[in-house]
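Report on the structure given below.
The values are calculated or read from the model by the stated rules, or taken from the named source; none is laboratory data. Keep in mind that this is a model prediction, so the values were computed, not measured. Glycine gets a Cβ as well: all are built from the backbone with ideal geometry, and neighbour counts include every protein chain shown. Ligands, DNA and RNA are excluded from the accessible area calculation, which covers all protein heavy atoms including side chains. Shrake-Rupley method; radii C 1.70, N 1.55, O 1.52, S 1.80 Å.
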Amino acid sequence: MATVFITGANKGIGLELAKQLHARGDTIHASCRSSSPELDALGAHVHSGIDVREPEAHLKLQQALEGTKLDLIIQNAGILTPTTLGELDAAAIREQFEVNALGPLMLTERLLGNLTQGGKIALISSRMGSIADNTSGSSYGYRMSKAALNIAGVSLAKDLESRQIAVTILHPGYVQTDITAGRGFITADVAASGLIERIDDLSLETSGHFWHQSGEKLPW
């Protein structure tokens, strides 16, 4: 059994991760801006009112988790705002950077003191952050922010290797969630199951790589 911290756990993939990890006996600390009946019913330690963009929220979590040893941190919170050429919105792009890349990095740093030696960090990214895989363009803010998250994950993997902390960067697939407006090829529970498999398989030897939840290694 492990102690796990998950951001954005009130719905979608985050909620399914919390459900499945809780069901196998893990202790769950779940953060979100606003909780949900499904998360409240789970029996997790819920930390609501947490916006991953805000340094004050990071400090609040650090204080709430003081003395708690974490085996796994899952940075799942994220947003997607359409940003197309000819209608670029700098504020929307900046917000996606803050939520999808900068916030997860800064919060991870805050919680490093809680991570056990040999612990794990999972960054829920997207193949839309892959430069080699970009065949359709557009989605500037989301693609740029996820590419930034990916490189942060590689740096974390290198910096934390001496502490035997492994980092994985994961694409959940095209999932039927609010971010995709319910479109997608798989449901959130299927995505979460695959993500958990990849996290379980994570080791120092595979740290710092970019994976599809199916097990396919993805290009940068």
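Among the conditions (1) farther than 19 Å from Pro172 by Cβ; (2) buried (at least 17 other Cβ atoms within 10 Å of the Cβ); (3) out of contact with any Ser or Thr (no Cβ under 6 Å at 6 or more places or on another chain); (4) of a type in the set (Ser, Thr, Tyr), the only one that Tyr140 does not satisfy is (3). What single numbered condition from (1) hydroxyl-bearing (Ser, Thr, Tyr); (2) at pLDDT 95 or above; (3) in contact with an Asp or Glu (Cβ under 7 Å, 6 or more places away or on another chain) fails to hold for Thr83? All conditions are met except number (2).
If the condition is being buried (at least 21 other Cβ atoms within 10 Å of the Cβ) and not in a helix (DSSP H, G or I), then the stretch 189-208 contributes only Ser207. For the criterion of being assigned to a helix (DSSP H, G or I), open to solvent by 10 Å² or more (accessible area, probe 1.4 Å), modelled with pLDDT of 95 or more and out of contact with any Lys or Arg (no Cβ under 9 Å at 6 or more places or on another chain), Ala152 passes.
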